[in-house]
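Here is the structure we will look at.
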Amino acid sequence: MEVEDQIGLLLPLLANGEEDPSVAAIPIFRGSNSVGRSSNLVVEVSSSALEMEISVTGSSSISIKSGSSVKIILSSQSKSPLRAGDIVEMVPGDRFFKFMLCSALKGKAVASQSDNVLASNKRKRQIEDDEAFARALQQEEMATTVRSKNTRGGEPEKSKMLHSARSPCGFQLLRVQGLPDWANAGCVRISDVIKGDVLVAILSNYMVDIEWLLSACPLLRSIPQVVMIHGESNVSQLQSVKPSNWLLFKPRLWISYGTHHSKAMLLVYPTGVRVVVHTANLINIDWNNKTQGLWMQDFPFKSMTGITTASDFENDLVDYLTALEWSGCTVDVQHHGQMKINAIYFRNFDFSNAAVRLIGSIPGYHSGPQLNKWGHMKLRSILKEEKFDKKFQNSPLVYQFSSLGSLDEKWMEEFSSSLSEGSTLDGRRLGLGEAQIIFPTVEDVRQSLEGYRAGAAIPSPAKNVEKPLLKKYWSRWQAEHTGRSRAMPHIKTFVRFRENALAWVCLTSSNLSKAAWGALQKNKTQLMIRSYELGVVFLPSMLSKFKNRYSCTEDLPLINENEACETGEAPNVKLYTLAATESVDEEEDTNAKIIRLPLPYALPPPRYSSQDEPWKWDKQYLHPDVYGKRWPN
């Protein structure tokens, strides 16, 4: 956007009404402007006259005050005129902005402020975050010491459980800064994921902070080509700070109120490709302060293995990349020549040994052969072909996520039906499972490592959370065995379980919403999806075929004979949580292979008590948090 198209600024204000010099102003241009996290606030400007209109398209709300008039509260989908001098207040939050026309700024460095929209704000928030975490983690370390003295085995036992997160399936938790060593054992940073001789990096995400990303992973400056597939609104800001070796691409949103929410990485190496599906935005707080998870696996070129056929994983990945409508790019790599990277390029890799199945969501109205290709119908079709231990017949389901959509009983039954598919080894259907929703309470957020600030990343409004139909589902976030009870979850998992035994686990970017998973229409012949999402499902049948850990960054053999079954038959795989006792090894068939997945929370999850209240980010909470703050501040 050219500077001459800029017609105004939203000037940040202090509580006393004076301009806040520590926060950069937000430029407003002719046309459509997206302001605020998750594009909650959209300012639309007429190109023919200086007539302003402000509307809320997200789930949050704002207030507007003109002069001495009473505040006007704008909730989702409402609009109001916006005039010079109006005060706009984000709700919830402590951010106030005054709208000023460029003609009234009298020499203010408009263009300069536009170029530095985020810099001072990021520095200030980073300092605040670090100081707050230092205080919280001192308290947490003291509490952990006390707990370990009162727990049989103490820290060594927990450390052993977390180290077992290095399972061959590639499921790992992200590190949380400042937690005790045992709580971060077997967990990863972003620099543990993006490393080695990467030729091309394709990063898919919703929110992106390029400046933080380059500081956390400097390798991204020298990789010949980085492609950022993103869901950000302020593309001009990303363009202004991206390195020259980066390309930006924002997929088209076919249906209103959708987002590009998928979180994944494709890292191309001279010997293969690393595929990563995870739950964290590419921002500081997501990779350091939250409970997050990822799946990561490396795959060789087909030319190295002699495989010529396409696996289910390969087809699903290429179909998803094709649906993004990214035309690709040509990269000139030293010693490798020109490489044409697009969706079809990934047919070159041998994905036959994938430990998981891929579950994608693509915006659109899907029917016919496409009906079972995306969203919860894809998960339904995969589970329908699976055989599970008979103990999972009518076993419970867990829905765990960080944002709740607007739901109804009909859709909850539809979703539960998909997740209840499958049959026992003797051919009987598993049947419907009773679902539980794991979701932080107000008290969980108040006492979290970040205090109420953690609630900004749990963006569920009261109108969605307070529906009576949800009361029977609410269950507590409890993660003592992974040291993450106070690290609020941004991870999303959907699980079928019996005590600490797992039938299957889905790790995904999808929250619990119709937009993410899709909703059936037209007598169940059409699936409507609004957003791009990506996840993986862990199944015993997939893991029973898994025989090696090929690596693009470590000197490992292509075939690991030690992990291959000596009889040539696939082992009988059993999945458990990290909290399962050692006795499961003795209880199971001696021929069974036990794999523990690092689900961060306790199973079965404890139900809400009568005093528990699910977090709602647009409510006021006056009881101070661990930093003495209220919500909104």
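The values are calculated or read from the model by the stated rules, or taken from the named source; none is laboratory data. Only a predicted model underlies this, so the values are computations on that prediction, with no experimental measurement involved. All Cβ positions, glycine included, derive from the backbone under ideal geometry; neighbour counts span all protein chains shown. Surface accessibility is based on the protein's heavy atoms, side chains included, excluding ligands, DNA and RNA. Shrake-Rupley method; radii C 1.70, N 1.55, O 1.52, S 1.80 Å.
Taking 7 Å steps out from each Cα toward its Cβ at Thr581 and Gln77 produces label points 5.3 nm apart.
Are any of the pairs Lys263/Lys384; Lys195/Lys547; Lys467/Lys619; Lys195/Lys574; Lys373/Lys574; Lys471/Lys616 more than 20 Å apart by Cα-Cα distance, and if so, which? In this structure, Lys263/Lys384; Lys195/Lys547; Lys195/Lys574; Lys373/Lys574 exceed 20 Å between Cα atoms. Put simply, when 211-217, 352-358 are sorted by average Cβ atoms within 10 angstrom per residue, most first, you get 352-358, 211-217. Maximal additional length on extending the Arg429-Val241 stretch stands at 62.3 nm, based on 0.36 nm per residue less the C-alpha distance. The slack between Glu211 and Glu554, meaning 0.36 nm per residue of separation minus the straight C-alpha distance, is 120.6 nm.
If I stretch the segment between Lys410 and Ser63 completely, what's the gain in nm (0.36 nm per residue apart, minus their alpha carbon distance), one decimal?
Taking Lys410 through Ser63 to full extension adds about 121.5 nm, to one decimal.
Between amide H atoms placed 1.01 Å from N, distances below 5 Å from Ser78 occur with Val56, all of them 5 or more places distant or on a separate chain. With each label modelled as a point 7 angstrom along the Cα→C-beta vector, the Ser327-Lys471 pair spans 5.6 nm. Label sites at Glu53 and Asp319, each approximated as a point 7 angstrom past Cα along Cα to Cβ, lie 4.0 nm apart.
Residues of segment 350-392 with an amide N closer than 17 Å to a point placed 7 Å from the Cα of Thr525 along the Cα-to-Cβ direction: 365-372.
For Thr482, Thr322, write out the residues from largest to smallest accessible area, computed with a 1.4 angstrom probe and no ligands counted.
Thr322, Thr482
Expressed to the nearest 5 percent, the antiparallel share of DSSP beta bridges inside segment 394-520 is 60 percent.
Summing Cβ point charges (Lys, Arg +1; Asp, Glu -1) relative to the Cα centre of segment 279-430 gives a dipole of roughly 280 debye.
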